[in-house]
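Take a look at the structure set out below.
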Amino acid sequence: MSDFLLGVASFLLVLIPLVIIHEFGHFIAAKLSGITVLEFGIGFPPRALILFEKGDTIYTLNWLPIGGFVRPYGEDMVRQKTPEELAEDRSEIEERGIKNAKSVFEAGPWQRMFFMAAGPGINFVAALVLFIVVALVGQPFQRADVAVYDIQSGSAAEEAGLQQGDIIVSVNGDKMGEADEFNDKLVDLEGQAVTLVVKRGDDQFETSFVAQQAADTDIERVYVSGVEKDMPAADAGFQEEDLIVAVDGISVTSLKQLQDYTKSHNGKEMVVTVLRGTERLDLKVTPKKDSGGTPRIGIGISGVEPAIIGLTAINENTDVYTEAQPVGKAIQTGWEQFIRALRLLGEFVQGLFNGDVSVSEARPVSPVGIGQIGGPVLQQSLDDKVGYPIINFAAMISIALAITNLLPIPGLDGGRILFVVIELIRGKPMEPEREGMIHFIGLLFLLGLVAITLFNDIFNPINIQ
């Protein structure tokens, strides 16, 4: 399947259902609040046909396949209808025999806030459900050798006789499957006796000590998680799983330190010292500006905090396997994945404000861009005959859709909620004409932003492969 068709397919499979789910959230909240919903539409007008009518609502199929909409009595998109438009609604209500019709703006402020927040809210719920589904049908887990990369002087790890290159097999009899598990285990055992089973070459032995906090707790090692093609790092010989410990002879103690140093050395050669297994290598590399104008060498990096006993452990010889979980465990795993996704998005936003995220990494995307990202994900699902890549992608898009709609920008749900908050503070609503004009300006801004991102995604496609 071509990249274009994959992008279109991922758009149809992911974004359109999530938009319909978003509108369904508004629909349910309207019904619970007693607001009359005249129409729930799949797609956008012109109308193709009426599917059925139930209660006060007609359910329609429309020609433009770009999501869906809710048409409550008294509201046109984000503004209160004019008297002439309300007369049309009332005429429709009379023709259809609807009794005790209630418009959006006849609802109380708390009901309106509930109505507006329900769309983003159900997108959060949808994301959680999708993460649980992934755990039920099977998701990837990884097993790895927990390798010791470096040891702080005077630490409990050094006193226990551990060396670079050792493999941690177990802690107090519990087998270790990845570095994070090992680090978390030691945190739980702080101040207690610990026995490690360690593999060194062909030998295996035990060592015991008390898990004490190392003196230097602020250090953060930098781990290479990926190397980009056609960037300086690839030519310099960087590899995945390298651990960066120094640059130009200066010890690297944090992710931000390395990023700041690289940004200040555009076009200037740097000597980066990495640990690779038991080798210590000096790699010469010259940063260059990426498409967003940020000097980079072209590696994906992540911060690795040392274990409390004063050693840095990373994963080696990683093996990924897929496992379906029982319902109870799947719910727990889905919840953990949901919270992790929110945390990652929070860290991304924080990095954006701190300058740790480059302009190219933070670019907003249009529906075309979402298709460009989703196409390779869908291809992975098809190639591997597994559902988790595209379902996980849908869950992340659902969260992004919820957060975006909650932004306090006129025209979005968050902007409308903001006006209700202002109404509660003032004790009276803003004049409908003024609020409608502000939302109209907000919509024009959003449409302009969509046009710009659409143009950018077409002429500067996103490439995640």
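Only Cα pairs under 8 Å and 6+ residues apart enter the sum, and on that basis the relative contact order of the chain stands at 19 percent.
Summing Cβ point charges (Lys, Arg +1; Asp, Glu -1) relative to the Cα centre of segment 83-161 gives a dipole of roughly 340 debye.
For the chain, the membrane-span-like helix rule (DSSP H, alpha carbon extent of at least 27 Å along the helix axis, mean Kyte-Doolittle at least 1.6) picks out 109-137; this says nothing about an actual membrane.
Look at where the Cα atoms of segment 1-75 and of segment 294-338 average out, and the two centres are 37 Å apart. The spread of Cα positions in segment 111-153, taken along each principal axis and listed from longest to shortest, comes to 61, 34, 8 Å. In the context of the full set of protein chains, residues of segment 165-316 present 49 Å² of accessible surface per residue (probe radius 1.4 Å, heavy atoms only). If R0 is 22 Å, the Cβ-Cβ spacing of SER153 and ASP202 corresponds to a FRET efficiency of close to 0.20. Per-residue SASA remark: PHE4, around 150 Å² accessible (1.4 Å probe; ligands, DNA and RNA not included). For segment 32-121, the calculated P(r), taken from all Cα-Cα distances in 10 Å bins from zero up to the bin holding the longest distance, is 16, 47, 35, 2 percent.
Ignoring lysines fewer than eight residues from LYS99 along the same chain, the ones with Cα atoms less than 27 angstrom from its Cα are LYS31, LYS54, LYS81. Take the Cα of VAL365, step 7 Å toward its Cβ, do the same at PHE4, and the gap between the two points is 2.0 nm.
By per-residue mean of other Cβ atoms within 10 Å, what is the highest-first order of 19-25, 63-69?
By packing density, highest mean first, the sequence is 19-25, 63-69.
The charge dipole of the chain, taken about its Cα centre with unit charges on the Cβ atoms of Lys, Arg (+1), Asp and Glu (-1) only, comes to about 1480 debye. For the chain, the 222 nm mean residue ellipticity estimated from helices alone, with every DSSP H stretch of n ≥ 4 adding -39500 (n - 2.57) and the total spread over all residues, rounds to -14000 deg cm²/dmol.
The order of VAL274, VAL327, VAL133 by accessible area, most exposed first and with a 1.4 Å probe, is VAL327, VAL133, VAL274.
Surface exposure of segment 1-131, expressed per residue as accessible area with a 1.4 Å probe, stands at 50 Å². Label positions at ASP230 and LEU32, each projected 7 Å from the Cα along the C-beta direction, are separated by 5.0 nm.
The candidate values are (i) 1.06; (ii) 1.02; (iii) 0.99; the one derived from this structure for Rg/Rh (Cα atoms, Kirkwood Rh) carries the label (i). For segment 94-119, the residues whose amide N sits under 18 Å from a probe point set 7 Å from the Cα of ARG47 along the beta carbon direction are 94-99.
Return a whole-number percent for the relative contact order of segment 253-308, with Cα pairs under 8 Å and 6 or more residues apart as the contact set. Display every interim value, and only then the final one.
Values: 64 pairs, mean separation 18.4, N = 56.
Computed over segment 253-308, the figure is 33 percent.
With all protein chains in place and a 1.4 Å probe, the accessible surface of the chain carries 58 percent carbon and sulfur.
If DNA, RNA and ligands are ignored and the probe is 1.4 Å, what is the ranking of GLU435, GLU269 by accessible area, most exposed first? Intermediate results must be reported in sequence, preceding the final value.
Details: GLU435 35, GLU269 110 Å².
Most to least solvent-accessible, the answer reads GLU269, GLU435.
The values are calculated or read from the model by the stated rules, or taken from the named source; none is laboratory data. Here the structure is a predicted model, which means the values were calculated and not measured. Neighbour counts run over all protein chains shown; Cβ positions are idealised from the backbone, glycine included. Heavy atoms of the whole protein, side chains included, go into the accessibility calculation; ligands, DNA and RNA do not. Shrake-Rupley method; radii C 1.70, N 1.55, O 1.52, S 1.80 Å.
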